[in-house]
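What follows is one structure encoded as structure tokens, with my remarks underneath.
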Amino acid sequence: MSRSETGRPESNRAEMRRGARLSVVQALYEMEIGGRGVVEAMAEFEAFWIGKQVEDIELPKAEIAFFRDLLGGVVREQRLVDRSVDEALASGWPLKRIEAVVRAIFRAGAYELAFRKDVPARAVISEYVAVARAFYEGEEIGMVNAVLDKLAREFRSDEFDAPAA
């Protein structure tokens, strides 16, 4: 098993990043529904949610630095993120018409595709499809895959021009 630059085994790091992505989606949803700011949401999730079970919801452990970067980045770059997602959606379906959890998934995925070039685009898509599966069983999963694939080809065309490894 290889180790990351943090010294953690890669599989553990992948699980921690998946936990961060799931937490970011939850936090974005909570911010939108509850009208919270990013600092408040970040503090609340780090103190009370990440790696804990609250009522019937259990959030896995997460890489905190990655969680902070994704959540803060989505908020900081929301204009670009929302405009990009709007353009990737089917005509007549603006982002504001999309259900709040799917909207949070799109925003987090779009931010990661646009600004976290250290994570391969195909991995980003796969990870957010997995996040979507945590919330949905139906057509939302396919929609997440299709929209993020379209965004990946826009933001990371170089990764799609070369043959897949």
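State all residues of region 14-58 that are in a loop (DSSP other than H, G, I, E, B) and without any contact (Cβ under 8 Å) to a residue 24 or more places away in the chain; if no residue qualifies, say none.
Result: G35, R36, G37, K52, E55, D56.
When only residues in region 78-103 that are over 18 Å from D149 (Cβ atoms) and not charged (D, E, K, R) count, which is modelled with the lowest pLDDT?
G92
Quick one: is K61 open to solvent by 50 Å² or more (accessible area, probe 1.4 Å), modelled with pLDDT of 95 or more and not in a helix (DSSP H, G or I)?
So K61 fails the test.
Residues that are touching a Ser or Thr at 6+ places or on another chain (Cβ under 8 Å), closer than 17 Å to Q26 by Cα and open to solvent by less than 30 Å² (accessible area, probe 1.4 Å): list the helices (runs of 4 or more DSSP H) wholly contained in region 71-161 that include at least 1 such residues.
100-115
The values are calculated or read from the model by the stated rules, or taken from the named source; none is laboratory data. From a predicted model like this one, the values you see are computed outputs, not experimental measurements. Please note: Cβ atoms are built from the backbone with ideal geometry, for glycine as well, and neighbour counts cover all protein chains shown. Heads up: the accessible areas ignore ligands, DNA and RNA and are worked out on the full protein's heavy atoms, side chains in. Shrake-Rupley method; radii C 1.70, N 1.55, O 1.52, S 1.80 Å.
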